[in-house]
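The values are calculated or read from the model by the stated rules, or taken from the named source; none is laboratory data. What you see is a predicted model, and the numbers here were worked out from it, not measured in a lab. Cβ placement follows ideal geometry from the backbone for every residue including glycine, while neighbour counts extend to all protein chains displayed.
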Amino acid sequence: MPGVFHTLRRGAVRTFQAAVAGPTVLFYDTFTGANGTLITARAPDIDTVGGGWVQYKNAGTGDFSISSNKCVLSAGASQNYLHAVAQTNVADVTITGDLTHRISGASESLVGRCVNTSAVSLWRALLLGGNMVLQEANAGAFTQRAISAGAQDGITYACTLAVSGASIQFTAATIATLSYTSTQHQTNTRHGILFVTNIGGTSGIVDDFRVTA
Amino acid sequence: MIRARVMTQWTPDPVDGSNGFQLWNDLQAAGALTPGDTMTDATNQPGENIAPNPNVVIVEIVCAQPAYDAIIASPAYGIGAVLWSEQL
């Protein structure tokens, strides 16, 4: 109970419990905007470093854009495989976002500790083919480190990727928590999202993306 | 729930091509997984060294009885692939 005085009868001791500081929000985006707006073309709700989203196309021609005040990746004539990250200058963070899963032809993920904006070297917490997966990526080569069953098509999961020191933890609410220990990418301070949409696939969705420390 | 350490191999994930666990793919194909079953790399093998020769990885699985029964019954795994197990 923060900041509450307890005043008792005469002779009793009065105590005060100091307010507990909450986490600092480093970056926050509710993806509020007109449909079709690129997420890189507008300012997020909170961006303590500045610079907003930086998008990188690993394959395809699509872009992260806003649809119904959420972020999606457009489907294209080829596989669209993109990530977008924001600089926070902090490596030990908690990354949260609401991910809507598409089992067929798509995957959606939160990413943490991206080595830079143009190389896929990072930690990835994704929903893929009905599973939740924690992956390590090194120069575009992805390795599963932990996996759990139970993600359902079309369902929105409150997801958290918490990176602190060598602890890497991915939680998808109502499914499971995956934990792994590694010093890989430990000092990198860019965090964001990574989506894949295959030909004919329907994009996953991310909303309320937040990085706190 | 059961926790066990099991020997398996790295294999490309059928959906995204990432290095994944052969045992997970086999259990999923067999319909033996229960929501909440988890599997974790217990080797901490550097990603740059996957897949080596011989290709072996030890995973820790926390699962409901059907997945464990499928491992024991599988000719590809069986009790010989299970390093240890415990009832949680």
From A:Arg113, A:Arg190, A:Arg124, which residue is under 19 Å from B:Thr38 (Cα atoms) and of a type in the set (D, E, K, R)? A:Arg124
The residue that is surrounded by the most Cβ atoms within 10 Å (Cβ to Cβ), considering only those in the range A:127-141 that are under 16 Å from A:Thr183 (Cα atoms) and within 7 Å of chain B (Cβ to nearest Cβ), is A:Gln135
Taking the range A:159-198 and keeping residues within 14 Å of chain B (Cβ to nearest Cβ), within 12 Å of the chain's Cα centre (by Cα) and hydrophobic (A, V, I, L, M, F, W, C) leaves A:Phe170, A:Ala172, A:Leu194, A:Phe195
Restricting attention to the range B:10-67, report how many residues are assigned to a loop (DSSP other than H, G, I, E, B), hydroxyl-bearing (Ser, Thr, Tyr) and closer than 25 Å to A:Ala106 by Cβ. 2
Filtering the range A:64-96 down to residues that are in contact with a helix residue (DSSP H, G or I) (Cβ under 8 Å, 6 or more places away or on another chain) and of a type outside the set (A, V, I, L, M), which residue is surrounded by the most Cβ atoms within 10 Å (Cβ to Cβ)? A:Cys71
Among the residues in the range B:24-32, are any at pLDDT below 95, crowded, with 17+ Cβ neighbours inside 10 Å and touching a Phe, Trp or Tyr at 6+ places or on another chain (Cβ under 9 Å)? no
Give me a count of the residues in the range B:47-71 that are more than 12 Å from the chain's Cα centre (by Cα) and either closer than 15 Å to B:Ala4 by Cα or not charged (D, E, K, R) (or both). 12
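Listed here are the residues, each with its yes/no results for (1) assigned to a loop (DSSP other than H, G, I, E, B); (2) small (Gly, Ala, Ser); (3) at pLDDT 95 or above; (4) under 21 Å from B:Gln22 (Cβ atoms).
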{"site": "A:Ser118", "(1), (2), (3), (4)": "yes, yes, no, no"}
{"site": "A:Ala146", "(1), (2), (3), (4)": "no, yes, yes, yes"}
{"site": "A:Ile168", "(1), (2), (3), (4)": "no, no, yes, no"}
{"site": "A:Ser179", "(1), (2), (3), (4)": "no, yes, yes, no"}
I'd like the full set of residues that are aliphatic (A, V, I, L, M), within 14 Å of another protein chain (Cβ to nearest Cβ) and not in a loop (DSSP other than H, G, I, E, B), limited to the range A:85-110. A:Ala106
Do we have any residue at all in the range B:62-74 that's farther than 24 Å from A:Gln152 by Cβ, facing chain A (nearest Cβ under 10 Å) and surrounded by fewer than 19 Cβ atoms within 10 Å (Cβ to Cβ)? no
When both residues are 6+ apart or on different chains and their Cβ atoms are under 9 Å apart, which pairs have a first residue that lies in the range B:25-41 and is more than 9 Å from every other protein chain (Cβ to nearest Cβ) and within 16 Å of B:Gln9 (Cβ to Cβ), and a second that is outside any helix (DSSP H, G or I) and hydroxyl-bearing (Ser, Thr, Tyr)? B:Asn25/B:Thr11; B:Asp26/B:Thr8; B:Asp26/B:Ser74; B:Asp26/B:Tyr77
